[in-house]
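The values are calculated or read from the model by the stated rules, or taken from the named source; none is laboratory data. Everything quoted here is computed from the prediction, not taken from an experiment. As a convention, Cβ positions derive from the backbone with ideal geometry for all residues, glycine included, and neighbour counts pool all protein chains shown.
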Amino acid sequence: MAKCKPVVINRALYTMSVNGKAGELTLYGQIVENRPWWAEDDDQFIVLKDFIADLNSLRGLETLNIHLNSVGGDAYSSIAIHNRLRELQNSGVEIICYVDGVAMSGGSLIMCACDTVKVNPSSIVMIHDCWLFLWDQMNSASLRKLADELDVLDNDGRDHLPVRTRGCGPRLRR
């Protein structure tokens, strides 16, 4: 692998840095696909497209240390980050996650992409079934379709758990 040139990226809710073949990622915040219409600026959220663009600059690494403190956010965006981290892992990068505060919801999906997970004694990991905030007019068929989509997300999330939960993932509540 080619040596990575020094990179430092500072955003409001995450930082990335590379020194030689070691990378550091501090990821503190809520994950969204796009900035919500009501938010004044992107400094309140980890915006997927910005994060992925920045992550792409971390090539040539041997190790990536992730310091995580996230309540999660958008499930689809969290899955995309999980998968991009797995791509790095598949290219030979060892990824170590340190749960500094919380790894909740989509944050726990990101945590599950790592080779090694270290949870501090006072940190919290929360895994739950997906839910949504609904502000719409819908009939029963539309609601059933949404419920089916949530079931797909729940089942996909459970597929990643046995690796990180010492095999107890299948026993988690359906």
key: Matching residues, region 88-107, being among the polar types (S, T, N, Q) and out of contact with any helix residue (DSSP H, G or I) (no Cβ under 8 Å at 6 or more places or on another chain)   = Gln89, Asn90, Ser91
task = With respect to Glu40, determine if the residue is at pLDDT below 90, farther than 23 Å from Glu94 by Cβ and in the same structural domain as His82 (by TED's automatic domain parsing).
result = yes
remark   = Apart from one, (1) assigned by TED's automatic domain parsing to the domain that holds Val47; (2) modelled with pLDDT under 90; (3) not charged (D, E, K, R) all hold for Val117; the odd one out is (2)
message = I'd like to know if region 158-174 contains one or more residues that are of a type in the set (Gly, Ala, Ser) and either modelled with pLDDT of 75 or more or surrounded by fewer than 19 Cβ atoms within 10 Å (Cβ to Cβ) (or both).
response = yes
note = A careful count of residues in region 69-87 that are under 16 Å from Met16 (Cα atoms) and over 9 Å from the mean Cα position of the chain (by Cα) gives 2
query = On the given criteria, is Leu143 at negative phi and modelled with pLDDT under 80?
reply = no
key: Verdict on Ile110 being farther than 19 Å from Thr15 by Cα and in contact (Cβ under 8 Å) with a residue 60 or more places away in the chain   = no
